[in-house]
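The values are calculated or read from the model by the stated rules, or taken from the named source; none is laboratory data. As the structure is a prediction and not an experimental result, all values here were calculated from the model. When we count neighbours, we look across all protein chains shown, and the Cβ atoms used for this are built from the backbone with ideal geometry, even at glycine.
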Amino acid sequence: MPRIIVHKNGQTIEKDVLGNITLLEALRITGNFPPSPCNGKGTCGKCRVLVKRGIDFYTDQEKKILSIEEMRKGIHLSCMIRVNDDIEVTLPDTSGKASILTSAEITQISGIPTVTKEFYTLPAPSINDQLPDDKRLSQTAYGTANNSMNNKDSHYYNCADKSLPLEILQRLPDLIRNDGYQVTAIKVMDEITGVESGDTSSILYGIAVDIGTTTLAAYLYDINSKEMLSIASLLNPQSKYGADVISRIDYTFADRNKQKEMSSLIRSAINELIGELILSASIKHTDIYAVSLSGNTTMLHFALGIPARYIATAPFIPATLSSFLLKPDELNISINPSGRAIVLPSVSAYVGADTVAAVLSTGMHKKKDISLLVDIGTNGEIVLGNNSFLYSCSTAAGPAFEGANITCGTGGVEGAISEVLVTIDGTLRINTIGNRKAVGICGSGLLDAVSSMLDAGIIDETGRIETDDSLVSPELRNRIIEINNQPAFILLYGNETAAGDSIYITQKDIREVQNAKAAIAAGINILTVKSGIDINDVKHVYLAGGFGSFMRISSALRIGLIPEELSGKISAVGNASGAGAIRTMLSKDEYLTACEIAKRIQYIELSSEPSFVNSYTDNMFFGIES
């Protein structure tokens, strides 16, 4: 068997692996997961590793993506080469800490929580009151009429009244007597799911979790006071199998064990967040009685352990779009067993519970004014409407704005270029997350860069990088180079970056941005046509999610990602999906409203719209300011 030797972060790992597997697969066996947004298809170019020995040739695909300088150094794409002999590789040091959006805008939340605890003092039994224990509790909890055992029709009562779950009945006799018939009932949507001795009603906590394709964010609340206590976040561990949901579905398509692995990764991540949150608040796992889950349709399928394979291919059919109130052990979630996992409903295969939650949290569903909600990620979910109508669509924007498929792209980590501005004298001003040395460019920086390149005349309205001498500044003109037979624009030279390599934007990167922005803009256009409104009728534009919160709105308008008619109406609403998950946990009325919103939203499948292609093509162009 071939042996792989891996050097990373000053440590060395050696392991025997099966022959004729890709280097990417071999690295995963050793517990190393190079970035692989395309999940090994050889298109993203992110799984670069330095091969010190064992491979002495380059595949045709590698030659298309890697520069001559990289190949001279021994850089390879780990997904494009196979391990048949002993191989030694060096992996880049672990990237900086991710900057994850956790801000969730929460307005006043009224009403009774979805999960409650109620304290009762039950009447003690006697020779004249021989009600069974379950009826003694249920009559007090539900306020039913007294059913005395002396009633001649008493043998019918257990068919008419609410019954308690068997697992409660098995423990109930001792529970109610442990503290002199003083008990606390746990209720989920008014149904008793657990009983505790004594008065424990003050101990009631819940966690809302937004399961994003790239990141997870979790919020710990005291449900009684509706006060937020702590926030935690982490990167979605599924990302090692692809940046987008299609790549991850492909990974699980024909292997039930891989499907279970995807489910386990999400559930473990949720439990990790729960552990972090309870530690920060000095409470126990059993003090948590609710976990509300929001996410796109595929992420929720993975979390629930449901096959997602038919979401990926036409006619794009999910197994379910329903909401659920699940026992914690059904998802292996570490909270009180009497609590519940609240899973929000979805709309379609590509408009998920995260969009429903975002509509709920913005309140656009109850406003007379027409609003537009845009959440730009690997897909772009768009909702247009008011209290009379709600239309939605999902656009295949691609992961360009999350750093994938961009030559020097990276996620929102420390050192990522997040802002790019052209100064009056024509030079560039560049800022990075955490003010660290640059490691790449993230979505907001990419948007700024393209906008700045338009302003400087570096790219024309078709997106072509100009290579003549018509630029406004010699400093900028000197930054245009050729890489792999295509023009590119240097943002930072090697001596200015963390890795010592230049960071640049290629012609292909510009095309990726054009594809993404055209898809979003065309989606907005189709919804206005379908709803019969003019774009000027839109009064509010809500930008949800990390990219929407971090991007410069003027840059989005400049490149045509958002129609210029909406200028002055745009606001970032943070993690609107997380905010919606919080609301449904803290109010059963909000949970029921979310279920109604999911039914109200009318989904438009863009691939079946004849006008979408023309609209998409028209929006590929950039407007040139006069």
Considering each of Ser346, Ser388, Ser394 in turn, give the residue that is crowded, with 24+ Cβ neighbours inside 10 Å and part of a loop (DSSP other than H, G, I, E, B). Ser346
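So that you can scan it fast, the table gives a plain yes or no per residue for (1) buried (at least 16 other Cβ atoms within 10 Å of the Cβ); (2) assigned by TED's automatic domain parsing to the domain that holds Gly31; (3) closer than 27 Å to Asn32 by Cβ; (4) of a type in the set (D, E, K, R):
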{"residue": "Ser239", "(1), (2), (3), (4)": "yes, no, yes, no"}
{"residue": "Ile249", "(1), (2), (3), (4)": "yes, no, yes, no"}
{"residue": "Ala254", "(1), (2), (3), (4)": "no, no, yes, no"}
{"residue": "Lys260", "(1), (2), (3), (4)": "no, no, yes, yes"}
{"residue": "Ser264", "(1), (2), (3), (4)": "no, no, yes, no"}
{"residue": "Ser282", "(1), (2), (3), (4)": "no, no, no, no"}
{"residue": "Ser292", "(1), (2), (3), (4)": "yes, no, no, no"}
Under 6 Å between Cβ atoms, at least 6 apart or on separate chains: pull out the pairs that start in the range 387-401 with a residue that is among the β-branched types (Val, Ile, Thr) and end on any residue that is modelled with pLDDT of 75 or more and surrounded by 19 or more Cβ atoms within 10 Å (Cβ to Cβ). Thr395/Gly380; Thr395/Ala519; Thr395/Ile520; Thr395/Gly523
When you scan the range 566-626 for helices (runs of 4 or more DSSP H) that lie fully inside it, which ones turn up with 1 or more residues that are touching a strand residue (DSSP E or B) at 6+ places or on another chain (Cβ under 8 Å) and either among the small types (Gly, Ala, Ser) or touching a residue at least 40 places away in the same chain (Cβ under 8 Å) (or both)? 576-586, 588-600
Just to be sure before I move on: is Gly409 buried (at least 24 other Cβ atoms within 10 Å of the Cβ) and closer than 18 Å to Thr43 by Cα in the structure I sent? yes
Counting just the residues of the range 301-323 that are under 22 Å from Glu261 (Cα atoms) and aromatic (Phe, Trp, Tyr), which one comes out surrounded by the fewest Cβ atoms within 10 Å (Cβ to Cβ)? Tyr310
If we keep just the residues of the range 439-496 that are part of a helix (DSSP H, G or I) and acidic (Asp, Glu), which is nearest to Gly403 (Cα to Cα)? Asp448
Out of the residues in the range 589-626 that are surrounded by 13 or more Cβ atoms within 10 Å (Cβ to Cβ) and aliphatic (A, V, I, L, M), state the one that is farthest from Val351 (Cα to Cα). Met620
Can you confirm whether Ala254 is out of contact with any strand residue (DSSP E or B) (no Cβ under 9 Å at 6 or more places or on another chain), without any contact (Cβ under 8 Å) to a residue 24 or more places away in the chain and part of a loop (DSSP other than H, G, I, E, B)? yes
Which of the residues belonging to the range 309-343 are touching a residue at least 60 places away in the same chain (Cβ under 8 Å), closer than 24 Å to Ala397 by Cα and among the hydrophobic types (A, V, I, L, M, F, W, C)? Ile311, Ala312, Ala314, Phe316, Leu321
Residue satisfying condition, being in a helix (DSSP H, G or I) and closer than 13 Å to Met299 by Cβ, within set Ser264, Ser247, Ser239, Ser268: Ser239
Among the residues of the range 419-437 satisfying the criterion of being surrounded by fewer than 24 Cβ atoms within 10 Å (Cβ to Cβ) and touching a residue at least 60 places away in the same chain (Cβ under 8 Å), which is farthest from the chain's Cα centre (by Cα)? Leu428
Kindly indicate which of Glu62, Glu14, Glu88, Glu70 is among the charged types (D, E, K, R), more than 23 Å from Gly409 (Cα to Cα) and surrounded by 15 or more Cβ atoms within 10 Å (Cβ to Cβ). Glu88
Across the range 508-550, the tally of residues that are surrounded by 24 or more Cβ atoms within 10 Å (Cβ to Cβ) and either of a type in the set (Ser, Thr, Tyr) or not in a helix (DSSP H, G or I) (or both) stands at 2
Please indicate, with yes or no, whether at least one residue in the range 216-227 is surrounded by fewer than 21 Cβ atoms within 10 Å (Cβ to Cβ) and in a strand (DSSP E or B). yes
Looking at the range 349-376 only, could you name the residues that are assigned to a helix (DSSP H, G or I) and within 19 Å of the chain's Cα centre (by Cα)? Ala353, Asp354, Thr355, Val356, Ala357, Ala358, Val359, Leu360, Ser361, Thr362
Given (1) hydrophobic (A, V, I, L, M, F, W, C); (2) at pLDDT 95 or above; (3) within 16 Å of Tyr391 (Cα to Cα), Ile582 misses just (3)
Please go through the range 8-30 and pick out each residue that is over 16 Å from Val83 (Cβ atoms) and in contact (Cβ under 8 Å) with a residue 12 or more places away in the chain. Lys8, Asn9
Residue identified as acidic (Asp, Glu) and in the same structural domain as Gln139 (by TED's automatic domain parsing) among Asp222, Asp179: Asp179
Candidate set: the range 551-579, residues that are crowded, with 19+ Cβ neighbours inside 10 Å and of a type in the set (Ser, Thr, Tyr); chosen: the one farthest from Leu373 (Cα to Cα): Ser555
Identify all residues within the range 181-190 that are in contact with a Leu (Cβ under 9 Å, 6 or more places away or on another chain) and surrounded by fewer than 22 Cβ atoms within 10 Å (Cβ to Cβ); write none if there are none. Tyr181, Gln182, Val188, Met189
Of Ala232, Ala141, which residue is in contact with a strand residue (DSSP E or B) (Cβ under 6 Å, 6 or more places away or on another chain), at pLDDT below 95, surrounded by 18 or more Cβ atoms within 10 Å (Cβ to Cβ) and not assigned by TED's automatic domain parsing to the domain that holds Ile306? Ala141
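Residues checked against (1) under 19 Å from the mean Cα position of the chain (by Cα); (2) free of Cβ contacts under 8 Å to residues at least 60 places away in the same chain:
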{"position": "Tyr205", "(1), (2)": "no, no"}
{"position": "Thr213", "(1), (2)": "yes, no"}
{"position": "Ile223", "(1), (2)": "no, no"}
{"position": "Gln259", "(1), (2)": "yes, yes"}
{"position": "Gly275", "(1), (2)": "no, yes"}
{"position": "Ser282", "(1), (2)": "no, yes"}
{"position": "Ala290", "(1), (2)": "no, no"}
{"position": "Ser294", "(1), (2)": "yes, no"}
{"position": "Leu304", "(1), (2)": "yes, yes"}
